[in-house]
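**Q** The following block contains the structure, expressed as structure tokens.
The values are calculated or read from the model by the stated rules, or taken from the named source; none is laboratory data. What you see is a predicted model; the values in this text were computed from it and never measured. Every residue, glycine as well, gets a Cβ built from its backbone with ideal geometry; the counts of neighbours run over all protein chains shown.
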Amino acid sequence: MNERTQSSVYFLVAPMKVLLVVAAAVCLLSTLASWVLARPVQTALARAEGAPPPPTEESVATPPVTEGSEATSAAPPAPTPATVTDSPRPLATPEPTVEPTTVAPAPTSAVTSTSASHVVQERETVRAIAQAYGVSAKDLAAVNDLPDPNLLYVGQTLRLPESSSSPTPGAPSPTAAPARPTPIPPLAWPDAIAEERWIDVDLSQQLLTAYEGSTPVHSFLVSTGLPATPTPVGQFRIWIKLRYDHMARADYYIEDVPYVMYFHEGYGLHGVTWHGNFGHPMSHGCVNLPTSEAEWLFNWADVGTLVNVHR
């Protein structure tokens, strides 16, 4: 083939290639156009017949969320606006569940008390009361929380232990306090009193004298009750002795009063540390003694010693 013939063939093949490419492009475009135009018709027919719509890119990209699955990319539903009413209905609250409680038993004591009681009278001691009711003095003190069994006062109510009974026959019974102090005869002289040891308190002279029989053995000035709070007059007996005692009333409170000997209810002979004005009335009814003299008298007198108070 000569050179002229080759040029003619080349010019024929080149246009044919272009035509083939154009024809392929036209076929592809026509197919795409027919598919795009046919899609709305298929969708409409599917909806009319009740069939589910064909899958879309969006539905293929995001799978549906079913119950029990965890949706991590789905947006939360929009909140439902609250409905406002004129009279809001209260929310029903469930009744609280009450857990059963266990009550611990109270600690038991070796000594239990009952409603039985005893009122302390003059000249009574814890030992005498316990013996009268057939109980121990230790149990009686424990039931009444007595730190010191000697700290009793006339009129004090003591609870009796459970094992207590009626006063035992033959046992020393509690002594009843007299309704009022026995008055002494006018111008009583020491020789008119037949006691081995006794104490005389002269309110007019503010003088206390200790006697053995009819013989004075010791005498000193004291301070008795003021006119508004007089010392009771009469014949009494010391019913308890306390080395120290706390004294209190509505208008005073004194701790550790020394050498106290009560002779009538809350009236007693005792030492004082808060004044030295002896020989003049100063007290609320007690007989105030100089502390050194109170110590001497405390060691000299006994429970049951007669105290004779007169003017």
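**Q** For segment 211-228, give me each residue that is out of contact with any helix residue (DSSP H, G or I) (no Cβ under 9 Å at 6 or more places or on another chain), surrounded by fewer than 16 Cβ atoms within 10 Å (Cβ to Cβ) and not hydrophobic (A, V, I, L, M, F, W, C).
**A** Listed by number, the residues that qualify are E212, S219, P227.
**Q** Ok, one more. Looking only at segment 199-221, count every residue that is in contact with a Gly (Cβ under 9 Å, 6 or more places away or on another chain), under 17 Å from V233 (Cα atoms) and either assigned to a strand (DSSP E or B) or at pLDDT below 95 (or both) and tell me the total.
**A** Matching residues across segment 199-221 total 1.
**Q** Please go through segment 296-311 and give me each residue that is under 18 Å from P216 (Cβ atoms), part of a helix (DSSP H, G or I) and in contact with a strand residue (DSSP E or B) (Cβ under 8 Å, 6 or more places away or on another chain), ordered by number.
**A** Once the filter is applied, which keeps residues that are under 18 Å from P216 (Cβ atoms), part of a helix (DSSP H, G or I) and in contact with a strand residue (DSSP E or B) (Cβ under 8 Å, 6 or more places away or on another chain), segment 296-311 yields W296, L297, W300.
**Q** Do the conditions hold for G279, that is, is it part of a loop (DSSP other than H, G, I, E, B) and of a type in the set (G, A, S)? Before you say what the answer is, go through the steps one by one.
**A** Details: part of a loop (DSSP other than H, G, I, E, B): yes; of a type in the set (G, A, S): yes.
Against the criterion (part of a loop (DSSP other than H, G, I, E, B) and of a type in the set (G, A, S)), G279 qualifies.
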